[in-house]
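Right, one structure below, let's go through it.
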Amino acid sequence: MINKMNKKHPLTLKPYLINAFYNWCIDMGYTPMLKIHKYSKNKIPEYLAKTEELNFNIHPDAVRNFIFSKNKIEFEAMFGNDPHFVSLDYNSISKIFNRETNDYLDFEISSEVIEQEKKPKFTIIKNED
């Protein structure tokens, strides 16, 4: 049973499921997409960071230097006419789907991501006296 993982091994299946779905999309000629929640550990273009949820096209034709690592997905992509480095923590990924048929895998968002969203946001103002 997938939900009953041994607590001694904190390894999650999420990266492996995302990787498998991604490879299936590519094999089928589909466009793999990721839906993510805003999260401080993600590195995305600043103007996109204001949005709570984002979709990213991760097809090989849309990204370069794509890497599935243990804790995150990294790639370079064009936004407008500018190249940007993107790093997405697996904890923030809520869905992987394909654009053509909308087949998908849903994931629970990490409690760490949800708690971050609940924290009050402060702006530090420097006194110029």
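Just so it is clear, none of the values below were taken in a lab; they were calculated from the coordinates. Since the structure is predicted, the reported quantities are computational estimates derived from the model, not experimental observations. FYI the Cβ positions are ideal-geometry reconstructions off the backbone, even for glycines, and counts take in every protein chain you see.
How compact is the range 14-118 by the rule of thumb for globular proteins, expressed as Cα Rg over 2.2 N^0.38 Å?
1.01
Treat each spin label as a single point 7 Å out from the Cα along the C-beta direction, and report the Ser111 to Glu74 distance in nm.
Going from the Ser111 label point to the Glu74 one covers 2.9 nm.
Please give the charge dipole size of the range 14-118, origin at the Cα centre, charges +1 on K and R Cβ atoms and -1 on D and E Cβ atoms. Round to the nearest 20 debye.
Value, rounded to 20: 180 debye.
With the radius of gyration and the Kirkwood radius both derived from the Cα set of the range 20-66, what is their ratio Rg to Rh?
Computed over Cα atoms, the ratio is 1.02.
So between Asn81 and Tyr47, what do we pick up on full extension, going 0.36 nm a residue minus the alpha carbon distance?
Additional length available on full extension: 10.8 nm.
What is the sum of charges, Lys and Arg at +1 and Asp and Glu at -1, for the other residues whose Cβ falls under 14 Å from the Cβ of His84?
Value of the local net charge: -2.
For Asn57 and Leu13, FRET efficiency with R0 = 22 Å and r from the beta-carbon atoms, rounded to 0.05?
Efficiency, rounded to the nearest 0.05: 0.40.
Taking a ≥ b ≥ c as the square roots of the eigenvalues of the Cα gyration tensor of the range 60-105, is the shape rounded (a/c under 1.5), prolate (a/b larger than b/c) or oblate?
Since a/c reaches 1.5 but b/c is at least a/b, the shape of the range 60-105 is classed as oblate.
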